[in-house]
Amino acid sequence: MPKTIAALLRIRSSCFYEVKIVEVSSYMMRIYRRFRLTRIAVSASSAFIITILFINIRKKSGDKLIAVKEKAELAQDEQEQKTDTSYLKLAMPALPRPEDHDPNGLGENGASVRLLHLSPQEKQEQEDSIKTYAVNQFVSEKISLHRKLRDPRHELCRQRAPFDYGNLPTTSVVIAFYNEGWTTLIRTIFSVLHNSPNALLKEIVLVDDFSDRPHLKEPLEDYLKDVERVRLVRTTKREGLVRARLLGASHAKGDVLTFLDCHCECMQGWLEPLLERIMEDESVITVPVIDTIDWDTFEYYYGGHEPQIGGFDWRLTFQWHTIPDHERKRRTSPVDPIRSPTMAGGLFAVSKRFFAHIGTYDAGMEIWGGENLELSFRTWMCGGKLETIPCSHVGHVFPKQSPYPRPKFLTNTLRAAEVWMDDYKQHFYIRNPPALKENYGDINSRKQLRQRLECHDFKWYLDNVYPDLHVPEDKPGSYGAVRPL
Ligand SMILES: [Mn+2]
C-alpha cells in the first residue's frame, strides 16, 4: 500500500504526462490487482472467520442444548429421587423396631417357643398364667414385644406396584380390651406401629372396657406415655365389645376405622391392601386373612393356602368355608379380594363415613357375640360388600377357651335374627328353643334403620350372597335329632 501512494505522488510531480499516464494506468492496474487480491483475501478470511464463528456458535449452541437437556434430566432424576425419598418416608413404619432388637431371639419369625428345664416354681407360674388368661402368658413374656414375622405371602403381594401412599385413606386402629394380659396387649400395639406405614396410621385408640386387673391401670398409662400415636380411653362401666368399640370410634381421626382384637400380630404389608380396596370402593368392609397364633407356643401358623370365607349355620354360629366355585370363577387372580357372606368379627377395616351411613353397630348388644353376623347381614343387605383381602394377614391368638364368660351371645344373636332375617329366623328358633324365652330388648330403632336404608330382604341375601347355604325345610314340630337305631 505505501508503494501505491508513493507512485501517486510521483504522478503529481511528473511533467511528462503521456509517460505518466501509462505509468499511472499501470499503477492503477497494480492497485486494482492488489485491491482484488486484498478483497479476495478479505473475503476469504471473512468467510473463514464467519465459518469459524458459525461453527463456534453452532458448537456453543449445541453445548447449550446439551446443557439444557442434561439439566432437564438432572432435574428429573432429582425429582425422582425426591419422590423416592418421600415415598420411602411415607412407607416407613410409624415406629421402627428398637435398634437393639435381636432378630434371632426367642419366637422370632413366628417360631414356636417351648421352654424346657423349668424349675417347679416356673412351671407353676406357667400353669397359673394359662388358668388366668387361657393363653400361655408365661411363654409370651419370653418373646420380644417387637418380634418380626417372616413374610410368606403370595409373591404377587410382594412384587406388585408400589402403593399410592399420597392418596390412600388414613386409618385409626381401634383396639378394645378387657382384662387382657400385658405382653399380648403391648405386642399387639407394637405390631401395629412396626408394620403400618407412617403416612397411613393416624393413631391407635385403645379402649379399656372397665378392666379390673392392676397392670391395666396406672402401669399401662405410664408405659404408654412414651409411645407416640397411642391414646388410651376407658369406659366408666363394663360396656361390652360393641359399645367399647363405638367409644373408640368416636375418638378416631382417621378416614378409616380398623378394628383389631387385643391379642394380634400384624404381618408386614397388612394395612395397605385393606385401605386400597376401601379407596376403590368405599362401601366395602375389608377383612384381613386371620392366621392363628398358638396360645401355648406363640407359633405363627401361616396358612399359605387359599384363605377361607365366613358363613354361618342355622344355630347362627359363625363358620369357615372354602371359596365356593361361583366366587372362584368371578376372580381373575389369587390375590383378588374374596367376597365373604359373613366375617369373624374381630378384625376389619371400614370407611368411617360408610360405617356411620349403615348404622355403625347395634349398641343394644352386650358383652360379646352376634355383632359380627348382624354387621355382616346389614352390610350386604344395605348396599355394602364384605371382602377378605388375600394380601393382608393378621395373626390372632385363639385362646385355649373363652377367657371370660360371654353370657350375651344368645340375646345379641336374637337381636340380629329379629331385625334382619325375616321369616328365616324360624330356622334359628327351632334349633335354639331357649331363644323363645329370651328377652332381647328394644329393636325398634334398628328396624327403622333397615327401612330408612331401604335394605334388601333376607331372601335376597341368601340368593345373591350366600347361595351355598342349605335352607332346611323345617315344619313346626318336625325338627329333632336323627339317631341311628
Ligand atoms: Mn380374640
Exercise. Can we say Leu316 is within 21 Å of Gln401 (Cβ to Cβ), crowded, with 20+ Cβ neighbours inside 10 Å and either under 15 Å from the mean Cα position of the chain (by Cα) or away from the ligand (no atom under 16 Å from the Cβ) (or both)?
Worked result: yes
For this session: Hey, can you tell me all the residues within region 80-102 that are within 14 Å of Gly166 (Cα to Cα) and either at pLDDT 95 or above or of a type in the set (A, V, I, L, M) (or both)?
Result: Leu88, Leu90, Ala91, Met92
For this session: Might you let me know whether region 362-382 holds any residue that is acidic (Asp, Glu), buried (at least 23 other Cβ atoms within 10 Å of the Cβ) and either assigned to a strand (DSSP E or B) or within 16 Å of the ligand (Cβ to nearest atom) (or both)?
Result: yes
Exercise. Do you know which of the residues in region 338-347 that are away from the ligand (no atom under 16 Å from the Cβ) and in a loop (DSSP other than H, G, I, E, B) is nearest to Thr170 (Cα to Cα)?
Worked result: Ser340
For this session: Within region 220-261, track down each residue that is within 16 Å of the ligand (Cβ to nearest atom), surrounded by fewer than 22 Cβ atoms within 10 Å (Cβ to Cβ) and closer than 10 Å to Val207 by Cα.
Result: none
Seminar exercise, completed: Of the residues in region 389-412 that are among the hydroxyl-bearing types (Ser, Thr, Tyr) and over 31 Å from the mean Cα position of the chain (by Cα), the one that is nearest to the ligand (Cβ to nearest atom) is Tyr404
Problem set entry | Elements of type helices (runs of 4 or more DSSP H) in region 181-276, at least 2 residues being among the polar types (S, T, N, Q) | 182-195
Seminar exercise, completed: Within region 391-421, the residues that are surrounded by fewer than 23 Cβ atoms within 10 Å (Cβ to Cβ) and closer than 30 Å to Phe190 by Cα are His396, Phe398, Pro399, Lys400, Gln401, Ser402, Pro403, Tyr404, Pro405, Arg406
Seminar exercise, completed: Scanning region 300-310 residue by residue, those of a type outside the set (A, V, I, L, M), crowded, with 20+ Cβ neighbours inside 10 Å and closer than 30 Å to Leu410 by Cβ turn out to be Pro307, Gly310
Exercise. Would you pick out the residues in region 92-116 that are under 27 Å from the mean Cα position of the chain (by Cα) and buried (at least 16 other Cβ atoms within 10 Å of the Cβ)?
Worked result: Ala94, Leu95, Arg97, Gly107, Glu108, Gly110, Ala111
Problem set entry | Residue check, Phe298 in a loop (DSSP other than H, G, I, E, B), in the same structural domain as Leu201 (by TED's automatic domain parsing) and either in contact with a Leu (Cβ under 8 Å, 6 or more places away or on another chain) or within 16 Å of the ligand (Cβ to nearest atom) (or both) | yes
Exercise. Which one of these does Val350 not meet: (1) within 16 Å of the ligand (Cβ to nearest atom); (2) surrounded by 16 or more Cβ atoms within 10 Å (Cβ to Cβ); (3) not in a helix (DSSP H, G or I)?
Worked result: (1)
Exercise. Among the numbered criteria (1) more than 16 Å from the ligand (Cβ to nearest atom); (2) closer than 20 Å to Leu156 by Cβ; (3) among the acidic types (Asp, Glu), which single criterion is violated by Asp291?
Worked result: (1)
For this session: Among the residues of region 236-282, count how many are in contact with a strand residue (DSSP E or B) (Cβ under 8 Å, 6 or more places away or on another chain) and polar (S, T, N, Q).
Result: 2
Seminar exercise, completed: Residue pairs within 7 Å by beta carbon, gap of at least six or interchain, first lying in region 319-344 and assigned by TED's automatic domain parsing to the domain that holds Leu375, second surrounded by 12 or more Cβ atoms within 10 Å (Cβ to Cβ) and aromatic (Phe, Trp, Tyr), listed first then second, are Gln319/Phe312; Pro341/Tyr466; Thr342/Phe312; Thr342/Phe318; Ala344/Phe318
Exercise. Quick one: Tyr223 ticks every box in (1) in contact with a helix residue (DSSP H, G or I) (Cβ under 9 Å, 6 or more places away or on another chain); (2) under 21 Å from Arg150 (Cα atoms); (3) of a type outside the set (Lys, Arg) bar one, so which box is it?
Worked result: (2)
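The values are calculated or read from the model by the stated rules, or taken from the named source; none is laboratory data. Bear in mind that the values here come from a model prediction, so they are computed numbers and not experimental data. Please note: Cβ atoms are built from the backbone with ideal geometry, for glycine as well, and neighbour counts cover all protein chains shown.
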